[in-house]
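Report on the following structure.
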Amino acid sequence: MRTCTLVALGLVVAAASAGCAQQAGTLQAAAAALKAADIKTIEYTGTGKWYQFGQAPSPTQQWPPFDVSAYTASINYDVPAARVQMTRKQVVEPEHARPAPVEQKVDQYVSGAAAWNVAAPAGAPSGTAAVAQPQPAAVEERTMEIWSTPQGFVKAALANNAASQPAGSGSEITFTAGRNKYVGTINAQNQVEKIRTWIDNPVLGDTLVETTFSDYRDFDGVQFPAHIVRTQGGYPVLDLTTASARSTPAVNLPVPDAVRTATVPQPEATAEKLADGIWYIKGGSHHSVAVEQGDHSVVVEAPLNEARSMAVIAKVKETIPNKPIRYLVNTHAHFDHSGGLRSYVAEGATIVTHELNRPYYEQSWRAPHTLVPDRLEQSKKDPVFETFTDHHTLADGQRAVEIHAIQGSGHNDAFAMVYLPAAKILVEVDAFTPAAADVPPPAAPNPFSVNLYQNIERLKLDVRQIAALHGPRLVTLDDLRTAIGQRARPITH
Ligand SMILES: [Zn+2]
């Protein structure tokens with residue numbers, strides 16, 4: 001099949017050779033049909049579903065759905081910049097005992113190399129004023145959303161010397177913008193039907209994002225799809241029915257000073273000794289726990305990404321010197337708790353996880369990481385796993401690390417907590433997130449926390465302290481009892 005390189009000369013698309021004139025005509029015709037040259041800004045609204053990428057209730061299920069009651073995307077293609085406002089509420093399936101869903105209003109931005117959200121600070125009382133919060137990790141994804149619109153795709157194709165080849169009754173158009181490759185199909189009606197691109201993710205590597213457009217209509221003189229479906233990592237992330245589209249709004253999205261002057265904080269890890277040989281490795285939103293053994297150490301949890309893992313690994317090696325990290329215990333596969341696992345594979349650690357997670361990680365980790373080559377991409381090590389369904393103990397005679405499946409949780413089907421019997425410490429995450437000391441317990445108990453307490457009772461674990469991997473402080477079992485509305489009771493052991 002012949003591939004043609006297309007060059008935009010002002011408003012005319014030229015082909016590099018005479019034989020490619022028809023291919024140049026396809027992009028030219030699509031640009032004309034979509035008014036791509038005239039349209040500098042676009043705003044479209046709709047309703048539908050949004051799905052929380054990376055937070056599947058089990059490794060074999062799709063991302064969890066939210067009902068979207070309002071969605072507005074405002075794009076300035078020239079900058080490029082975009083704002084997405086969304087009102088959404090999680091769909092709670094009856095089979096999953098989840099906290100009552102709360103309506104979320106999101107307001108997120110990208111402009112050039114800056115991305116930010118406008119929201120009240122996390123944990124602030126309701127009514128607190130919204131402020132701009134830098135989101136540097138979101139730039140790639142939000143920029144992708146700009147070029148993954150019909151008009152944006154054609155503009156970017158024209159600006160980036162796209163290649164074209166016949167595909168079915170239309171054409172396949174390919175170009176690279178920044179580090180991201182885009183492949184789109186234009187049908188015989190000069191409509192952009194599908195756009196595929198790849199963005200980085202710490203778990204999935206080069207992650208396919210596929211946007212499909214159908215049911216094109218004339219919205220106020222703009223040809224725009226009435227239905228947009230986007231998948232990311234194999235499952236839907238957006239399914240939008242368009243209510244309106246217009247090409248004339250002023251879209252001015254200046255980067256706030258607080259975002260422009262922000263520096264990206266380097267991940268920091270601190271070590272807080274909890275008991276002999278046991279340290280709480282804290283920092284930011286996601287923590288880990290390190291346990292010293294006779295000739296090695298064990299780390300519980302590899303959250304977020306490689307940068308976080310490198311900070312934790314360095315702190316563990318400093319705290320427990322001259323002992324390799326032989327095991328990494330993973331609580332569940334949600335991406336914010338598994339994004340740092342690959343770094344431990346590269347480090348030579350065995351990954352200990354629920355058996356349902358193993359095939360998911362094995363398959364996911366085979367994907368190339370060419371956009372952001374991590375240490376595992378470079379070392380090409382094969383992951384080594386130890387899996388369990390119910391419980392598993394790591395012990396070298398000194399300080400046992402007991403791993404227990406959390407049964408019946410609506411949070412995740414392959415979910416574990418860690419109990420350290422020598423110090424009577426429980427390590428858990430997402431089942432119970434302690435609040436700051438001065439915050440009253442929630443009016444309605446969180447069903448994940450109720451379930452955690454039931455699991456502690458089922459296993460008759462003698463828990464003195466809970467090292468939660470989210471949250472500001474070490475707590476006690478009484479704090480968990482209080483949070484679920486049970487009267488605190490004295491420890492009787
Ligand atoms: Zn989770």
Highest-first arrangement of 410-418, 248-256, where packing means the average Cβ count within 10 Å = 410-418, 248-256
task = Would you please report the Å³ per residue occupied by the convex hull of the alpha carbon atoms in segment 428-467?
result = 79 Å³
request  = Classify segment 318-367 as rounded, prolate or oblate from the Cα gyration tensor: take a ≥ b ≥ c as the square roots of its eigenvalues, call it rounded if a/c is under 1.5, otherwise prolate when a/b beats b/c and oblate if not.
outcome  = prolate
ask   = Considering amide H positions built from the backbone, and no H for Pro or chain starts, which residues 5 or more places from Asn180, or on another chain, come under 5 Å of its amide H?
value = none
request  = Enumerate the lysines that Lys181 could reach by cross-link, defined here as Cα to Cα under 29 Å, with residues fewer than 8 away along the same chain left out.
outcome  = Lys35, Lys40, Lys49, Lys155, Lys194, Lys380, Lys381
query = Accessible area per residue of segment 193-262 at 1.4 Å probe, in Å²?
reply = 44 Å²
request  = Report, ordered by chain and residue number, the lysines lying within cross-link reach of Lys273, taken as a straight Cα distance under 20 Å and ignoring same-chain residues fewer than 8 apart.
outcome  = Lys282, Lys315, Lys317, Lys323, Lys424
Whichever aspartates and glutamates have a C-alpha closer than 20 Å to that of Lys460, once near sequence neighbours (fewer than 8 apart) are set aside = Asp390, Glu402, Glu428, Asp478, Asp479
task = Starting at the first residue of segment 169-181, write each ³J(HN,Hα) from the Karplus equation 6.51 cos²θ - 1.76 cosθ + 1.60 with θ = phi - 60°, in whole Hz, x for Gly and Pro.
result = 8, x, 9, 10, 10, 10, 7, 10, 10, x, 9, 9, 8
task = Just order 358-366, 260-268 by mean Cβ neighbour count inside 10 Å, highest at the front, would you?
result = 358-366, 260-268
ask   = Can you run phi through the Karplus equation (6.51, -1.76, 1.60; θ = phi - 60°) for segment 325-341 and list ³J(HN,Hα) in whole Hz, with x for Gly and Pro?
value = 7, 8, 10, 10, 9, 10, 6, 6, 8, 3, 4, 6, 10, 10, x, x, 5
message = Could you work out what % of the accessible surface of the chain is carbon and sulfur, using a 1.4 angstrom probe and leaving DNA, RNA and ligands out of the count?
response = 51 percent
remark   = In the neighbourhood of Arg179 defined by beta carbon distances under 14 Å, the net charge of the other residues (Lys, Arg +1; Asp, Glu -1) is -3
query = Given H placed 1.01 Å from N in the peptide plane, which residues other than close sequence neighbours of Leu274 have an amide H under 5 Å from its amide H?
reply = Trp279, Tyr280
inquiry  = Let me test this: with uniform point scatterers at the alpha carbons of segment 94-137, what is the Debye-based log₁₀ I(q)/I(0) at q = 0.25 1/Å?
reply    = -0.91
note = Using the Kirkwood radius over Cα pairs of segment 397-493, the Stokes-Einstein translational diffusion coefficient at 4 °C and 1.567 mPa s, in µm²/s and rounded to a whole number, is 95 µm²/s
note = Residues whose built amide H sits under 5 Å from the amide H of Ala70, excluding neighbours closer than 5 in sequence, are Thr87
request  = Give me the orientation-averaged projected area of the Cα convex hull of the chain, in nm², one decimal.
outcome  = 25.2 nm²
note = At the level of C-alpha centres, the distance separating segment 202-272 and segment 374-438, in angstrom, is 34 Å
request  = Give the percent of DSSP beta bridges with both residues in the chain that are antiparallel, rounded to the nearest 5.
outcome  = 90 percent
task = Step through the residues of segment 460-469 one at a time and calculate ³J(HN,Hα) from phi using the Karplus curve (6.51 cos²θ - 1.76 cosθ + 1.60, θ = phi - 60°), rounding each to whole Hz and writing x for Gly and Pro.
result = 6, 7, 8, 9, 9, 9, 10, 9, 6, 8
note = Neighbours of Val429 by Cβ distance under 10 Å: Lys/Arg at +1, Asp/Glu at -1, summed charge -4
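The values are calculated or read from the model by the stated rules, or taken from the named source; none is laboratory data. Everything quoted here is computed from the prediction, not taken from an experiment. Heads up, the Cβs are rebuilt from the backbone with ideal geometry, glycines too, and the neighbour counts pull from every protein chain shown. To get the accessible areas, we keep the full protein, side chains included, count just its heavy atoms, and leave off ligands, DNA and RNA. Shrake-Rupley method; radii C 1.70, N 1.55, O 1.52, S 1.80 Å.
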